Each structure stands twice: as C-alpha cells, then as structure tokens.
Amino acid sequence: MTDKTGREAEHVEKSPAGVVDPTDAAAPAENRAPAGARGRIVKASPPAPVPEKRPTPAEKDTTVPPEEDKSALTGRNAETESSNQDVIRATGTMAIATLLSRITGFLRQMLIGATLGATVGTAFSSANQIPNLVTEIVLGAVLTSLVVPVLVRAEKEDTDRGETFVRRLFTLAFSILGIVTIASVVLAPFLTRMMLPEDSKANAVQATSLAFLLLPQILFYGLFALFQAVLNTKNIFGPGAWAPVVNNIISISVLLAYRFLPGQLDPHEPTPVADPHVMLLGLGTTTAVMVQCLILLPYLKKAGINLRPKWGLDARIKQFGGMALAIITYVAISQLGYVITSRVAAYADAGAPLVYQNAWLMLQVPYGVIGVTLLTAIMPRLSRNAADGDVDAVVHDLTLGSKLTFIALIPIVIFMSGFGVPIARALFQYGAYGAESAEQLGLTISFSAFTLIPYALVLLHLRVFYAREEAWTPTFIIAGITLTKIVLTLLAPLMTTNPDRVVILLGTANGFGFVSGAVIGGFLLKRKLGSLGGKAVTQTVLWASGAGLVGLIVSWVLYWGVNFLLPENLPSIVSLLKVVVLGVVFLIATGLVLSKSSLPEVQNLARALQRVPGMSRFITVDSSKAIELEEPDVPEIRPVFTQDSFNATLVPPPMSAGIVRGPRLVPGAPVSDGRFRLLQDHGAVTGAQFWQAREQSTGRLVALTFVDTNSLAPIAPSTPGIAARRSAEISRNTRRLAELELDTVADNIQILSYRTGCLVVADWFEGTSLKQVAEADNLDPHSVARATAPLFADAAAAHDAGLTLGVEHRDRFRVSTDGVVKVAFPAVLDGTSATTDREALSSALELLVESTEPSPKKLRDISEDANLPADEAAQRVEDAHYALDSADEDSREEKMEELQEAQALTLAGIAQRLHDFAPEEPEDAPEALPVKAEQEPAQEDDPAQEPGFGGRGYSGSGVIVIGIFATIFVVAMAALTTWIMSLLSDVEASNPVSETINGTTDIPDTPPVRLQPSSAVTVPDDKDNAALIDGKTATTWSTTEEDTGVLVTLDNPTHLAVMPVVQSNSTGAKYAVYGVNQETFNPENPQAGSLHQLARGKFKSGKEDIELEETNEQFDALLLMITELPKSDKATIADIELVGQP
C-alpha cells in the first residue's frame, strides 16, 4: 500500500518495467469498462470542471484561493515547509547562537592558557584535539559530505520519511563510534605520543593521563553530528546551534573550578590519571561534550525520530565507496600535516603547540565573522552554476568571490600583521599565560596572518570541484597544501637558532601551504575554465592593500603616541582597550579610503559591517551600487552558523563551504543543449525530477521529466553499462505507453537521451497540481469522481496492453482545466508495475476524497476499495470465477453477483463506479468555486549559456604534470620562505630567524658529542660542586640571589653547541650562558658584562636543552648565571651537561 502522498510501501515487490504483475486486479479475467485509444471513455460523462469548493452563503460567487498548505491531513507524512517568517526566525536564532558560541569559545580558549599556563595548556589542548581528529576521520567528514545528502533524499522519498534509514544509520554509527572510542582509550599512549613525542619538551605523560579521560568524547562528538544532521532534515536548526554554547559554558566552569582546587599541575612532572586536577579537567570537559550531545535527545523525541536499533546497511550508502575513500584520504592527509606540525612544535618549545593552536583560531575569527558572511551568499550560486556546467557563470562567481574575499580580508591581514603582538597581549596575557608566551603568540599571528587570503581562495576552489562531483581533485589540492606545509615545517628548526621562534615559522609554513593550494587550484580551474578574470580582481587588490596600509600607518602613529605617554607594564585590560581603539581608528581610516574607490564590493562590505551592533548609525550603504547576491536559504547557511571554530580541528574540512551541492537543475537554466529553459520545479521521485520548461525556438510550454539512471543519489554513479541498460529500458517502456495515446497521459511524448539517463518531453497542460487541489477542504464529491474516473480507466487499459502508467507519486499528477486528473510527467521508470500504479491512483483518490465536504459514504467506500491490495483484488476475481464455473443453476445467479462485486474492485470496476456515482453534472448545481490554473513563473530573458564545463579532463600524464608542478612549487616556497626570513634578520626582537644564521663560521663539520666536564664551581663564592656534573639529579645546587651561577669547565677548548640543564621548581627563572676562558676568568669577580654571551632565556621545562650561539671562538668553560629568580625566589639546578664539537 501507499501512504496518502502516493509513496510506495516497502513491502511491495516491484516488477520490471513493462511487465504486468500477475496478481494485479487488472488481469484478463476482469470485467472492465471498454478500453482502447482516445474516445473510449463513456460519452455520457463529459469532461467536468476542475474539482471545486462548494460555495458557502458567505462566500458565494467569490473566488477563494487556498490559504494555507493543509496537506497535513496526511499526518506525519505531510511535507514540511518553512514560511518566510520561519526562515527569518531560524536565521536570527542561529546567528545569535553562533555569536555566543564564538564568544564563549574564545573565552574558553583564553582560559586554557590563563589557568593552565603554556606547558600544561599544551598537554591539555593536544589531548583534547585527539577526539576531534579521530571523530573527523572515522565519521565526521563522511557524515557531513556523503550521508547527509542521502539522509535528505530518504526523508523526502522513502515511505516512512527516512525512519528506517535513520535507525540503520544510528545503529551503524553508534557501533562504529563505540568500537573506535574503546580502541582509542586503549591506545591513548600511542595517540598522545603521536602528537607530543615522549622525548620532546612537552609533557607527554601528563597529556596521556588527560587523554584517557578525554577520548570518550569521540562517541558523543560523532552522535552529536548525526543527531544534528537528522534534526536539520526536519528544519530544526536551533538546538544544534545552541548546544556548543552549553558545551563552552560547562568547559569554562571546569577551568574556573580548577583555579579554586588546592594545588596545581606541575608543568614538568608526570601526573597520573588519578590526580584530582587531571580528573577535573578530563571528566569535566568530557561531560561538556556529553551534555552537548544529549541536549538534542528531547528535540529528536519531539520530532518523532525513532532511534531504536536496526541492523543493516542501506543500499544507497553502499554506493558511496569511492567518494568516501576520497573524503577519508583528504582528511587523513590534512591530519598528517597537523600531526607533523605538532611534533616539530613540541620538540622546539613546551608551549609551542598551544601557541600554534591559538594563532590558527585567532585567524578563524575574522574569517568566520566577515569572510564567511560575505561569501555565504555567493557560495550556493557558485555551486549550482558549477553543477550545471555554466562556465561563464562559474568564472563570474569566482571573480565576485575573489573580490569579496580581498576587499574584506586584505585590510584585516594588514592590521593583524602590524598589531599581532598587541592583539595577543590584550587577549591572552592573563594569569599563568605570561608576557613571553603572549609575545610568541603575537609574532606567530603577525607572520601567519596572510594565510587568510589563500585559505579563503582554496575554499572557493573546493566548492567548484565538489559541485562538479570531482571528489579526488580536492584531495590532490590538499595533498599539495600538506606537502608544502610538511617540507617547510621540517625546515623550520633549521632556519633559526632560537627554539622560541620555531612556532612562528610553523605558522608561516601553514600559510605558504595554502598559497600552494590556491595556486594549484587556480591552475586546475584554468585548465577547465580558461581565464579566471584575474585582471578584474587587480583593482580590488590594489585598493584594499592601499587602504589597509593607510589605516596601518595612522594606527601606528596613534600606537606610538599612546605608548610614549603611558607607562610600561600596564594591566592587560589596558592593552585590550588600546587594541579596541586602534581597531576603530584603523577601520575609520581604511573605510574613508575605500569610500573613494567606487568599487561595488565596498558596499557589500559596508552592508556586512552594518550588522555589527551600533555600526549602522555610522555606515551608510548605497544598495544600488552593491553587487547583487541572492539570499541563501536556511540549509545553505546552516553550516556557517553551526560551525564551532574553537572546538573544531585545525585542518580544513573536506568542504567548509558545504559539499552538499545545490540541485543541478535550477530555474532559468538551459538544458538539452539550450533547446529548453527551465521555469519551475514540480517535484521529484527517486531517479526522476519534474520541471515545467519553455522550448526556446517555439516558445511552447513543455513538461520535462529528467530521468537519472545513475543511482538513487547523483553523486554515487552506477557503472556506465548498467546505467545505459536502465536508460534504454525506460525509454522503450515510455515510448510504448505514448503509443497508446491515452486521454489522461500528456500528449506528444518524446524521449531524448542525455548522459546516463533520458529526458522525457511532453506537452504542458494548464491546470493545478494535485497537492494544491487537495489542500482545499471543501471539494465537491461529484467533481472528484468525474476527475479521477478517466485516470482509473486508462490505467486499466494500459495494463490490458501489458504496460503500466509508471506512476508512483502524487507529483506526477495535475488536474487539467477541464477537470480531469492526468499524468503530467510521464516516464515508466525501472521498478514500476501494475501494483505501484494501483497504489498511486488509490492514494490520489483518497487524498481528494478526504478534502470533500460532505464526503458521501458511497464515495468513501469506492476510495476504500481502491486501497485494496492488488493481489487481494485479483484473488477475489479469480475465486469468484471459480465459484461461478462450479455453481449449479440454483446458485449461479448468486455467484454472478459475487463475480460482479469482485470485478467492481478492479481498476476498471473502480472507474465504472466513479462514473456511476457522478454520471453528469447536475443542472441545478450551485456555481462552483473554480481552482485557477497556476500562473507561469516570471523569468528574465537571460542570455543563452553554452552547456558543458570546459573541454579538457585529466589524463594520466596530466596528473603527473600536476604532481611535478606541485613539487616544484614546494621547493620554490621553501626558498622564498628562507629568503624572506633572512631579509628580516636585522631585527632580532621580532625576527623568527636568528641573525647568526647568515654569518660565516669555521665550525668543524663533525657531529656534536657529549663532553665530559672536568669540574663545576659556584660563582661568585668559588666553591666546588662536582655533584652538578655527576649525571645524577638527586644532588642539587640552589640559590636565592640573582647574578649567581655555576662555572662548568673542560680540559681543552672546544666549539660548544648545547648545554643540557636539569632544574627543579625553577620554571620562570631567567638565565644567561657565557663562554669563558679559564686562564683569564676570576670566579669571585665574574664581570659577566665583559664575557661572550652565548644564550639567554627562561626555564620552561624540567630539562632544558639550551642551544648556544654558533661562533668561531672556542671555550674551555661555560658560565650559567641566574639573572632573575622565579616566583618562589629560589632557583635549583640538579644537573648540567655539555655538548660540543671537540
């Protein structure tokens, strides 16, 4: 049976197209009404007006159009449609939730450093990133990119509105996530050391202890993504947008509770899982994610989502093997780059991984607020044009997207590059996150801010490739990005002698990686599209750069003046106020310059800034000069609003702009080599879409049925051979149906082949969709009977001829202006049968009967009999024939009546009964309320567009060429990075590359080795302390005074490279290391100012490998001086070693 929307029930076994189901009531034994070609309908029943409302006294002679969609009479199977107010309300709710999510996410990230410090913060953040990484590669990316489109289709097309699909998906996801979560907890030490090596400066043991408690988040992150996707298909967006806010609030509460818990985690000591601080951070953060997930359960229940386990894998999911492999490969390559970056950062500095994370997240703030706001409107249109193969439109949209990107982000890049350090100090320098860590973060922001531009361009390029279903092309692009990033990341420690500066180079390496991705993506697109309109973007780049530089100069003058007037070492809140003022001044100066440019994209930027509270009174927008962009609907903007930047992984997702592309067919698009132009969408079924269109050469209106035989989902194609055979079968059966020339099937059917499907063209007839007619609840019963009787009779005739109508959904039907229900979109798809025909027809009849007033019992009985299963109706006819054949003379009349009753249940019998119910229109019937024909949608005369999407594909040699190109570009990026860093080597305070890298030395070309010190004496009291060089940490030397230290001597002068030092409870103490010649040095009067300083810094970990300046001079002793005591006012040294080249 079918539901009231004409959808096919699952238990029906489909027969091949064109084969009559032997159990159908339409068997030869039926006693049918006369069948045949046109004109066979009973003459006494002329065409009647369209089903109409009975007039009420108050409404007589008044045309009343349908006021609302009342198809909810079909219960839970009714279509769910959002009104404009619903869209506005949903958008506003998500916007507020997104804003609060980003604010609370930033506070959470800031509190990690302020509460835990750089070293513990690195351990916690790295461990907390692992669940995100695992979830993304196991389920997250595939769920977003592949499962969601199928979920949407299942919700629209399945008889149970996707319930079975959701149950199977939930069971599969829960099982996979459960297994992966358990395995991850067991492998926690391996996963942690993959991010933070055990021999690095980071506290890997502490991170492992935290990971044991944080890794259960995998289950809840995965289920949250699934629940959110399911709710989105029901147009429920709010809970998914607000849930991350709850997560952040709980996480903030956990970090605040840590501050009040007695004691704290030692940055350099191995901490067990049972430590109360570890348990608070681990269990508290996991609880936050768990609540984020579970908070959606009440909404799932309210929406009627059934989550009872059901095993089995939907056939549609199985078809995504190749696509899923491409997505997983994409994510794996991205995460490989991040893992390598994390390891290099951990080897360089204990707090570097946290600095890298914070710098990247800081870059996401302006992109998420400004960049995404501007690009959201262009992304859906770009996706549709790319899917339709409209080359000119894609180039146009890419140009617009590039202009919007540059006009918004170039000034931001300039501001962040110039004020990276003040920004970091204002936002992060609180509590345990000291000035040096903030300066390190600020420099990383300054040197990596340029990443925003290529990052945005890469996402634009990926949108085009995903819309074209070229899943592997983005994977090639991310491979180029990651390869560039890895090469430059591995070179970073070799380009500087200062470990604190390595993380700055890592941020720069990440930026150059995206530069390579933008270049590779541009190269691939140019091969497909031709010119990308680079000249048109040049003016925007020049104006944005010039305006940004003017704003930077004005802001720097103000910054210098404020620093001159105010004392140093002011609280961080004062720094925050200064940055706010500088930002406003920069914005004003930049805006004034851009206002003189007359660039239309400036108006779009101003429109986006107007949305900031309080800005509308200062910014005016001339909308007539702005670039006109469409307003995206809620599903298109949902990924923008629900993306949680501060809890996401540090790798770009497979499609940040949304792989779930728009439909290939959109109003105004030319199809069939420009022969037709689409006007209006009229629905779809599995494997087919229905459109009204206009023939370009004649202006004739036609009904188009696009049949896609690839598969149930366009992005998971079948093999060409299977698709071709299906297409041929559909074309053959549809052509045979057209030859019958049935009255209730659209006229002039033509079948055109396209790709791996076909296009069925038929005459368009004026009228109204069946759904819209059924929305009225006051239809005339006789009009309903007269409208549906010819359709049942034609179905019986088709079955007599061994064919089917091929109807399975109400979207196929329209009510013509002469009052007859007809098949407006004919196409006999694979799998339709006489059984599916009967179910669809009975469903349509039931839908109309329910809207009649009054509903006569006789008409309701006919509708109920029409709902009788086909096999049961056929069985009753067969039994009645058998009973009649075996009956005697006395019972023959009775058996004949039983046969007639059984035949009345067949399609022909239903048609005759409907005709008998309303043989003719009563003369005294009140004037009907006509249902007007639908108006033709207004369409602009767009210039003809050339079909296709470029002419060149990628051969094997082409892929090799691209690989060679990527390799050359990697080498070029590495050389460019080294050159740029060397140019900046004169400013040591802000230069990530030490100036000594450019000097020439005569150091022996031999590997350094561990040297054996001959003695150790304290300075300035000149006391022997050999325990400091015995290799044991049990014996220590402590000092409570500054400018005291230890002199470690050697037997012979040598080139010294590293001084490994083990300290205890001295984190934060500052030191200086000097090269000494014993003959001229007096321990009791060191005079450090006259010595050659080889290193200086601050103790950050229990074991500090102090790297010494490379110099030609040889020394036979090193002096380690404590220049500033830690907060405990006591510095303790446990062991000292020397490494050099003898």
**Asked** Stretch residue 336-residue 283 to full length: gain in nm at 0.36 nm per residue minus the Cα-Cα span?
**Response** 16.3 nm
**Request:** Name the shape class, rounded, prolate or oblate, that the alpha-carbon gyration tensor gives for the range 754-913, where a ≥ b ≥ c are the square roots of its eigenvalues, rounded holds for a/c under 1.5, and otherwise prolate holds if a/b is larger than b/c and oblate otherwise.
**Result:** oblate
**Complete:** Subtracting the Cα-Cα distance of residue 1023 and residue 541 from 0.36 nm times their residue separation yields 166.9 nm
**Request:** Grab the beta carbon distance between residue 435 and residue 301, set R0 = 45 Å, and tell me the FRET efficiency rounded to 0.05.
**Result:** 0.30
**Request:** Please list the non-local residues whose amide H lies under 5 Å from the amide H of residue 767, H modeled 1.01 Å from N, same-chain partners needing a gap of 5 or more.
**Result:** 934
**Asked** If eta is 0.890 mPa s and T is 25 °C, what Stokes-Einstein diffusion coefficient results for the range 415-548, Kirkwood Rh from Cα pairs, in µm²/s?
**Response** 147
**Complete:** Once residue 818 and residue 1112 are pulled to full extension, the length gained, defined as 0.36 nm per residue separation minus their Cα-Cα distance, is 95.7 nm
**Asked** In a shell of Cβ-Cβ distance under 14 Å around residue 284, excluding residue 284 itself, what net charge do Lys and Arg (+1) and Asp and Glu (-1) give?
**Response** +1
**Prompt:** Quick one: Cα centre-to-centre distance for the range 1080-1117 and the range 472-535, in angstrom?
**Reply:** 39
**Request:** Give the residues of the range 196-227 whose amide nitrogen is closer than 11 Å to a point set 7 Å from the Cα of residue 273 in the direction of its Cβ.
**Result:** 209-216
**Prompt:** What net charge do the residues around residue 1035 carry, taking every other residue with its C-beta under 15 Å from that of residue 1035, with Lys and Arg at +1 and Asp and Glu at -1?
**Reply:** -2
**Request:** Pop a pseudo-label 7 angstrom from the Cα along the beta-carbon direction at both residue 1014 and residue 1130 and give the gap in nm to one decimal.
**Result:** 3.4
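FYI, it's all coordinate maths here, none of it is from the lab. If you're wondering where the values come from, they're calculated on a predicted model, not measured in any experiment. With ideal geometry, Cβ positions are generated from the backbone for all residues, glycine too; neighbour counts draw on all protein chains shown.
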